[in-house]
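Visitor: Have a look at this one before I ask anything.
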Amino acid sequence: MRRKLVVGNWKMHGSLAQNKALITSVTAGLRDLDNADFAVCVPAPYLSQAQSLLQGTNVAWGGQNVSQHEYGAYTGAVSARMLADFGCTYALIGHSERRVLIHETNTTAAASFGMALKAGLTPIFCVGETLEERQAGVSEAVVASQMIAILNTLGMDVLSKAVQLRAVIAYEPSWAIGTGRTATPEQAQAMHVFIRKQIAERDASVAGRVRILYGGSVNPSNASQLFVMPDIDGGLIGRCSLNPDEFIEICRTACETSAVAG
Ligand code: PEP
């Protein structure tokens, strides 16, 4: 059985003081929960703080993006090795905000995925369609093209390595991110099955092991309906990851739904 995972994406929020208070509350609230995995992806300047406050706890940490390059003259970029230097376990890759606002493409996301693996990080590869794409009935085609960018560019060898590193896919329809509008559990489940099928066509055992998270306005009220779906292996949480009570509640739900699934 796949172990559930809940990852907070703080985006560009926080300060040294706010982070300290948030991490202190979250780690206290999650201390006794052990049948799911938890992590927070923090802004790069706070990686050192995250490392010092989270090491030794059951909450891992990660970066919010990875450069497609190993090193070089790329002002403002953050390399996979830099994230690894600060003890990161995870790295978000291809988040829709970066695809839309920073113009990251399937090609750059695939290159970043490869860099993350090379540095020993677990990539959390984000895929998902826009509202216009869903309304036009091309959601599956869009997600397939995002998946193919990884599967074809990197090949199955890399994907097998990715699975050893417990690589994660996050289905995040961009119309549900930060909008308060959530995909229904059935819509999310259907897309998760589709994503798993894309991988299964190349390797069924890899497909069975990859964790697929749902992201998009998950909150304490809707988490359990989403997490009980058989192909939803947890959540990528934006807004509610900034509120310790809400984030803890969502993590608790992941544990409870794991227990049900088990
Ligand atoms: C996200 O940023 O990945 C996200 C899912 O945000 P929210 O939970 O706020 O929709």
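The values are calculated or read from the model by the stated rules, or taken from the named source; none is laboratory data. What you see is a predicted model; the values in this text were computed from it and never measured. Note: ideal-geometry Cβ built from the backbone for every residue, glycine included; neighbour counts use all protein chains shown. For the accessible areas, the whole protein counts, side chains as well, though only heavy atoms, and no ligand, DNA or RNA atoms are used. Shrake-Rupley method; radii C 1.70, N 1.55, O 1.52, S 1.80 Å.
Visitor: How many residues are under 11 Å from Val6 (Cβ atoms) and either part of a strand (DSSP E or B) or open to solvent by less than 10 Å² (accessible area, probe 1.4 Å) (or both) when one looks only at segment 227-252? Can you show your working first?
Guide: Filtering segment 227-252 for residues under 11 Å from Val6 (Cβ atoms) gives 227, 233-237, 240-241, 247-252.
Imposing the further condition that a residue be either part of a strand (DSSP E or B) or open to solvent by less than 10 Å² (accessible area, probe 1.4 Å) (or both) reduces the set to 227, 233-237, 240-241, 247, 250-251.
Count: 11.
Visitor: Can you give me the number of residues within segment 81-109 that are outside any helix (DSSP H, G or I), within 16 Å of the ligand (Cβ to nearest atom) and not small (Gly, Ala, Ser)?
Guide: Of the residues in segment 81-109, 6 are outside any helix (DSSP H, G or I), within 16 Å of the ligand (Cβ to nearest atom) and not small (Gly, Ala, Ser).
Visitor: Look through segment 48-77, keep the residues that are among the hydrophobic types (A, V, I, L, M, F, W, C) and open to solvent by 50 Å² or more (accessible area, probe 1.4 Å), and return whichever of them is nearest to Leu121 (Cα to Cα).
Guide: It comes out as Leu53.
Visitor: Taking the options Lys4, Lys20, name whichever one is at pLDDT 95 or above, at negative phi and under 18 Å from the mean Cα position of the chain (by Cα). Steps first, please.
Guide: Values: Lys20 fails: under 18 Å from the mean Cα position of the chain (by Cα).
Answer to the selection: Lys4.
Visitor: Answer yes or no: is there a residue in segment 123-138 that is within 16 Å of the chain's Cα centre (by Cα), of a type outside the set (Val, Ile, Thr) and assigned to a loop (DSSP other than H, G, I, E, B).
Guide: Going through segment 123-138, the residues within 16 Å of the chain's Cα centre (by Cα) turn out to be 123-129.
From what is left, the residues that are of a type outside the set (Val, Ile, Thr) are 123, 125-126, 128-129.
Keeping just the survivors that are assigned to a loop (DSSP other than H, G, I, E, B) gives 128-129.
For segment 123-138, residues within 16 Å of the chain's Cα centre (by Cα), of a type outside the set (Val, Ile, Thr) and assigned to a loop (DSSP other than H, G, I, E, B): present.
Visitor: Quick one: in segment 185-222, of everything that is among the hydroxyl-bearing types (Ser, Thr, Tyr) and open to solvent by less than 60 Å² (accessible area, probe 1.4 Å), which residue is farthest from the ligand (Cβ to nearest atom)? Give the derivation first.
Guide: Keep residues of segment 185-222 that are among the hydroxyl-bearing types (Ser, Thr, Tyr), which gives 205, 214, 217, 221.
Those left that are additionally open to solvent by less than 60 Å² (accessible area, probe 1.4 Å): 214, 217.
Numbers: Tyr214: 9, Ser217: 4 Å.
In this case the residue turns out to be Tyr214.
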